[in-house]
Amino acid sequence: MSTLQDKIKEYRQLFTDLASKVKEAKEAEELRQLFLGRKKGHLTLLFEELKNLPLEEKKAAGKALNEFKEEIQKLMTELEQKCQTRKPERLIDDLTQPGRKLYWGSPHPITLFQREIERIFISMGFSVEEGPEIETDYYNFEALNFPPHHPARDSWDTLYINDKLLLRTHTSPVQIRVMEKKKPPIRIIIPGKVFRRETPDPTHLPMFYQVEGLVVDKGITFAHLKGTLEYFIKALFGEKIKLRFRPSFFPFTEPSAEVDIECIVCHGQDPHCRVCGGSGWKEILGAGMVDPQVFKNVNIDPEKYSGWAFGLGIDRMAMFAFQIPEIRYFYENDLRFLRQFNRK
Amino acid sequence: MKISYDWLKEFVDLTISPEELAHCFNQIGLMVESVEKIDGDTVYEIETYANRPDTLGHLGVAREIATLLDLPLKTKNWPLVELSQVTSDFIDIQIMDSQLCPRYCGLVVKGVKVGPSPDWLRKRIEAVGLRPINNVVDVSNYVCFSLGQPIHTFDLNKLGGARIIVRKARKGETIRTLEGSLVELSPEMLVIADETRPVAIAGVIGGEESGITEETSDVFIESANFDPVSIRLTAKKLGLSTDASYRFERGVDINAAPLAATMAASLLCAFGGKVSKGLLDVYPNQKKSRTVPLRLKRIAELLGVEIPAEFVVKTLTGLGLKLKEHKKNVWAVEIPSFRVDLEREADLIEEIARFYGYDKIPSEVTPVKSFELPSDRKREKIWRLKEVLFHHGFDEVINFSFADPEKEKIWQTGRQPIQLQNPISSRSSILRTSLLPGLIENAVWNFNREAEGVHIFEVGNVYFWVEDDVHEENLCLGILTTGLREPQTWNEPKKETDFFILKGAIEDLFCYLGFDSLSFEPVDHPFFESGQALKILLKNDPVGHLGLLKSEIARSYELAKPVFCAEIDLSMLLQRQPKPFSFKPIPKFPGTSRDLSFLVDENICYQEIHRQLQRLNVPYLEGFEIYDRFQGKSIPPGKVSFSVRFFFRHQTRTLQAEEVDRAMLDITSQLKSSLKIQLR
Ligand SMILES: [Zn+2]
């Protein structure tokens, strides 16, 4: 039976032989496992043997074994460094395979656009208000200065529930509800679903989304309305977008305005443009100074306070911004449409 | 409203090209929708507003343009070839309701040769998009589109008796209109009648029997004013909208009637007509003109720009308003009868702004004096909830709030639906009482269009009657998952969705909203297969349900795949305040864990085990994790095995093995009594 020292000698020889054949890191690792492996490595086993030696032999053998271990470790490190220049140990065959993906759902484009609008106004110190979708004639019309049986109501064709209740045709009733509860200064936007009795066509549906804005305070002017809406539209469509204000009529504002923005599709160059019809302009929102009668209806003194309001259709705006040809896409909920907004 | 360039020239000597005119229209708010070249003329389709009946004739539009361009408005004489008889020799006018008919003018024209109109008149009629009929009808249309005052012409010889009576219709009366349909009149409608019968529906349409034909030679011209609301209600009730009713319901100038009658009579003289002497003008209660105060200071206050007083005076005068300055830069403004829209100072300021040019008003930042804290974080919470669902792979949809009553019946939502009085169609005649029917429709739509899986949600209101007269709008979240799910790795197959994908998303969204007292309870629900549905509870309040959709419901939509869906009441959820967050210190000393496997009665569900584990009261126990549930051959029948890992930690030192051993004994004995566990 050979002594431990003999075995060390044999293993040293074996190591030298094997080490001379090592070329790659993988082979070096195999060699390291063979000698230094934690369970079955030659050296580990030698240390096991050492435990069984009589005490008098143990000391010398242990010293030799430890020296041998250091030697092997040193040689291994050198060997591994030599192999270092080569590849890492576990190789991937094809790095061009796609990475692991999380499959995220898509927000609805209306939600996206609405959030974007809210974000801009919140940054200007506006807060967001909401109100019921089922409304009374008073809030939807009368308080907003639509007399009963007035033709002005024709542009707000209404779905009725009964003689008292209707589906709100705009988010404007929330203006009234807020002004009834709160004293000026008021600085709010009101997003929400609205309903009209419209026969569906490419640009009309009986349900769509609106955002409305309202500012009431002392000394508010039409110039403030212009400045704020210009900033908003530039924030949404970019610094360079052109816009124009032109007179219009709404029962709840006086003076009233409509805002057109430059057609971002043809810039007025295409007489058959699908978006602007060749005019070069696209009507996107209505606005104006709050009508004094509206103030009276909520007990705000129009001599003391003034205010401006605007309203826009989110669907129409999103159609324009994303160049979506038909409004119905928003409510068909075809995944091939919706999933495109994953990247927005 | 169609406006002809040539026709405008009858009222104002235009010095600008048709292209420049289009820009002028836009500046003052008469938005040009389209432009057409017809026969050397330019015709503009102009958007008019419900409060501006004066722009429904060329005269009113010419007045606007003349004011903008600072040109005079032309006036024209309307000479008459007169008969020797006075008008009242032929006819008598009697107004029974001067509220509904404040003014009625009439003239008789005898000996008119009815026939085709001359070219100039045909051209005018065609320019406004009408078909020339004969000279008499064309003349009345010409007058209407010139002045905005509708007139009506009767065949004098077909009027029974020499009397025109303006009265309400009698019950059961009918009239055959010029359009040829027989109309049943109701007692609130105003009619023009002769001694025996109605001959016209006042301000809406004439009767066929008294109408102008080729044989007509004597014409009675009616030029009257009617109450806007009455005309509107009649036209609406009859489903008739005519050029006349369109104008009357917006309010026609009370003082236009005499001129319109004279103008029509004068034009008929060109066709051999001779006009009765003296206009019959029944106008019992003369209307006073309105006066509105105007302050220069207020203009600047409202518009944010100083506008010179001269500009104000010039513009308003041009529009036919009369200004009396009674203090410096303070005026009393008399409003002409044709401007029914001008009632307050703000209305006058709008006129000034329109002509001054909105583009010349500066753009300024709206000043902020204070910021307000958001009253609730509802919208943020909703967005957060949507984000959780996006992460779980659900796409957001938005459906109409309308529902098909037949389809909703299948669902038995148990809610009293709200019916619409005038729905677009019978299939959208109620408001939805649940979000799930819409989501199912979306699934079907997409499966029919190559989708292999549909995983969607919607946040929106459902609506229902709570009591007879009390309705509710409830914000809900609906989630649906059916079909295949996308794998994470490209070469893995897609997998069928399952119940726990839905449940996991729901658990996560409650967790991210800060609610940790969520629990579930088996429930029988009409939407779901029996034994395959859970009620969602927050503390002890139900906030929703989820489960496997009943196959009968799925089949009625021709869906064969299993559908898992959930509906959660958000209005309730968002009202609740989640636990306030506070930081917990990061442990300084190492913890230790021990595993325990045990058997319990198979009737005991996971949630019950979890609940009992949470209730454990054991020193140093930091938490636990149930990591296995097993039932099989090695387990005695009627039993199920659970494996739990318990974590222990002391806050201020390292735990000793004996302490953990003691704690484990404690746990075992507590579970023996609460869950009757048997150790494995
Ligand atoms: Zn364009």
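The values are calculated or read from the model by the stated rules, or taken from the named source; none is laboratory data. What you see is a predicted model; the values in this text were computed from it and never measured. As a convention, Cβ positions derive from the backbone with ideal geometry for all residues, glycine included, and neighbour counts pool all protein chains shown.
Considering only residues that are free of Cβ contacts under 8 Å to residues at least 12 places away in the same chain and at the interface with chain A (Cβ under 9 Å from one of its Cβ atoms), which ones fall in segment B:434-458?
Filtering segment B:434-458 down to residues free of Cβ contacts under 8 Å to residues at least 12 places away in the same chain leaves B:445-446, B:448-450.
Passing the criteria: B:Trp445, B:Asn446, B:Arg449, B:Glu450.
Scan A:Pro251, A:Pro255, A:Pro247 and give me the residue that is free of Cβ contacts under 8 Å to residues at least 24 places away in the same chain, buried (at least 21 other Cβ atoms within 10 Å of the Cβ) and either farther than 24 Å from B:Phe400 by Cα or within 7 Å of another protein chain (Cβ to nearest Cβ) (or both). Working first, answer last.
Details: A:Pro251 fails: free of Cβ contacts under 8 Å to residues at least 24 places away in the same chain; A:Pro255 fails: free of Cβ contacts under 8 Å to residues at least 24 places away in the same chain.
Being free of Cβ contacts under 8 Å to residues at least 24 places away in the same chain, buried (at least 21 other Cβ atoms within 10 Å of the Cβ) and either farther than 24 Å from B:Phe400 by Cα or within 7 Å of another protein chain (Cβ to nearest Cβ) (or both) holds for just one of A:Pro251, A:Pro255, A:Pro247, which is A:Pro247.
Quick one: which of B:Arg555, B:Arg653, B:Arg645 is under 30 Å from B:Asn474 (Cβ atoms), modelled with pLDDT of 90 or more and either surrounded by 12 or more Cβ atoms within 10 Å (Cβ to Cβ) or not polar (S, T, N, Q) (or both)?
Among B:Arg555, B:Arg653, B:Arg645, only B:Arg555 is under 30 Å from B:Asn474 (Cβ atoms), modelled with pLDDT of 90 or more and either surrounded by 12 or more Cβ atoms within 10 Å (Cβ to Cβ) or not polar (S, T, N, Q) (or both).
List the strands (runs of 3 or more DSSP E) that sit entirely inside segment A:233-344 and contain at least 1 residues that are within 16 Å of the ligand (Cβ to nearest atom) and modelled with pLDDT of 90 or more. Spell out how you get there, then give the answer.
Numbers: elements: A:243-250, A:253-262, A:281-290, A:306-313.
Counting at least 1 such residues, we get A:243-250, A:253-262, A:281-290.
Could you check, for segment A:147-164, whether at least one of its residues is crowded, with 20+ Cβ neighbours inside 10 Å and basic (Lys, Arg)?
Among the residues of segment A:147-164, not one is crowded, with 20+ Cβ neighbours inside 10 Å and basic (Lys, Arg), which makes the answer no.
In segment B:621-680, what residues are outside any loop (DSSP other than H, G, I, E, B) and among the β-branched types (Val, Ile, Thr)?
Result: B:Ile626, B:Val640, B:Val644, B:Val660, B:Ile667, B:Thr668.
Of all the residues that make up segment B:344-362, how many are at the interface with chain A (Cβ under 9 Å from one of its Cβ atoms) and surrounded by fewer than 16 Cβ atoms within 10 Å (Cβ to Cβ)?
Counting residues in segment B:344-362 that are at the interface with chain A (Cβ under 9 Å from one of its Cβ atoms) and surrounded by fewer than 16 Cβ atoms within 10 Å (Cβ to Cβ) gives 2.
Only one of B:Phe583, B:Phe589 is modelled with pLDDT under 95 and within 60 Å of the chain's Cα centre (by Cα); which?
Of B:Phe583, B:Phe589, the one residue that is modelled with pLDDT under 95 and within 60 Å of the chain's Cα centre (by Cα) is B:Phe583.
Which of (1) more than 10 Å from chain B (Cβ to nearest Cβ); (2) farther than 30 Å from B:Ile398 by Cβ is the odd one out, the single condition A:Ile284 does not satisfy?
Among (1) more than 10 Å from chain B (Cβ to nearest Cβ); (2) farther than 30 Å from B:Ile398 by Cβ, A:Ile284 violates only (2).
Would you mind stating whether B:Ile231 is buried (at least 24 other Cβ atoms within 10 Å of the Cβ) and in contact (Cβ under 8 Å) with a residue 60 or more places away in the chain?
Here the answer is no, as B:Ile231 does not meet what is asked.
Search segment A:142-160 for residues that are free of Cβ contacts under 8 Å to residues at least 40 places away in the same chain and at the interface with chain B (Cβ under 7 Å from one of its Cβ atoms) and pair each with any residue that is in a loop (DSSP other than H, G, I, E, B) and surrounded by 14 or more Cβ atoms within 10 Å (Cβ to Cβ) when their beta-carbon atoms are under 6 Å apart and the residues are at least 6 apart or on different chains.
Going by the 6 Å Cβ cut-off, the qualifying pairs are A:Pro151/B:Ala50; A:Pro151/B:Glu249; A:Pro151/B:Arg250.
Conditions tested, residue by residue: (1) farther than 25 Å from B:Ser217 by Cβ; (2) outside the structural domain of B:Val313 (by TED's automatic domain parsing).
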site: B:Arg247; (1), (2): yes, yes
site: B:Gly251; (1), (2): yes, yes
site: B:Ile254; (1), (2): yes, yes
site: B:Ala257; (1), (2): no, yes
site: B:Ala261; (1), (2): no, yes
site: B:Ala264; (1), (2): no, yes
site: B:Phe271; (1), (2): no, yes
site: B:Arg295; (1), (2): yes, no
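Condition check ((1) free of Cβ contacts under 8 Å to residues at least 60 places away in the same chain; (2) surrounded by 18 or more Cβ atoms within 10 Å (Cβ to Cβ); (3) within 14 Å of chain A (Cβ to nearest Cβ)) across all residues:
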| residue | (1), (2), (3) |
| --- | --- |
| B:Tyr463 | no, yes, yes |
| B:Ile479 | no, yes, yes |
| B:Glu486 | no, no, yes |
| B:Leu534 | yes, yes, no |
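B:Lys561 - would you say it is more than 14 Å from every other protein chain (Cβ to nearest Cβ), in contact (Cβ under 8 Å) with a residue 40 or more places away in the chain and part of a helix (DSSP H, G or I)?
It is false that B:Lys561 is more than 14 Å from every other protein chain (Cβ to nearest Cβ), in contact (Cβ under 8 Å) with a residue 40 or more places away in the chain and part of a helix (DSSP H, G or I).
If we scan segment B:481-499, do we find a residue that is assigned to a helix (DSSP H, G or I) and either under 24 Å from A:Glu332 (Cα atoms) or not basic (Lys, Arg) (or both)? Write out each step before concluding.
Kept after step one, since they are assigned to a helix (DSSP H, G or I), are these residues of segment B:481-499: B:499.
Those still in the list that are either under 24 Å from A:Glu332 (Cα atoms) or not basic (Lys, Arg) (or both) too: B:499.
Scanning segment B:481-499 turns up at least one residue that is assigned to a helix (DSSP H, G or I) and either under 24 Å from A:Glu332 (Cα atoms) or not basic (Lys, Arg) (or both).
When you go through (1) closer than 20 Å to B:Ile201 by Cα; (2) surrounded by 16 or more Cβ atoms within 10 Å (Cβ to Cβ) one by one for B:Gly239, which number turns out not to apply?
With respect to (1) closer than 20 Å to B:Ile201 by Cα; (2) surrounded by 16 or more Cβ atoms within 10 Å (Cβ to Cβ), B:Gly239 is out only on (2).
Here is a check on your reading of the model: is A:Ala235 surrounded by 21 or more Cβ atoms within 10 Å (Cβ to Cβ) and among the small types (Gly, Ala, Ser)?
Details: surrounded by 21 or more Cβ atoms within 10 Å (Cβ to Cβ): no; among the small types (Gly, Ala, Ser): yes.
Answer is no for this residue.
Any residue at all in segment A:45-64 that is over 55 Å from the mean Cα position of the chain (by Cα), farther than 22 Å from A:Arg90 by Cβ and not in a helix (DSSP H, G or I)?
Looking for residues that are over 55 Å from the mean Cα position of the chain (by Cα), farther than 22 Å from A:Arg90 by Cβ and not in a helix (DSSP H, G or I), one finds at least one in segment A:45-64, hence yes.
Would it be correct to say that B:Leu596 is farther than 30 Å from B:Ala657 by Cα and aliphatic (A, V, I, L, M)?
Answer is no for this residue.
Only residues that are within 23 Å of B:Leu389 (Cβ to Cβ) and either outside any strand (DSSP E or B) or polar (S, T, N, Q) (or both): list them for segment B:464-480, please. Explain how you work it out, then say what you get.
First pass over segment B:464-480, keeping only residues within 23 Å of B:Leu389 (Cβ to Cβ): B:473-480.
Matches in segment B:464-480: B:Asn474 only.
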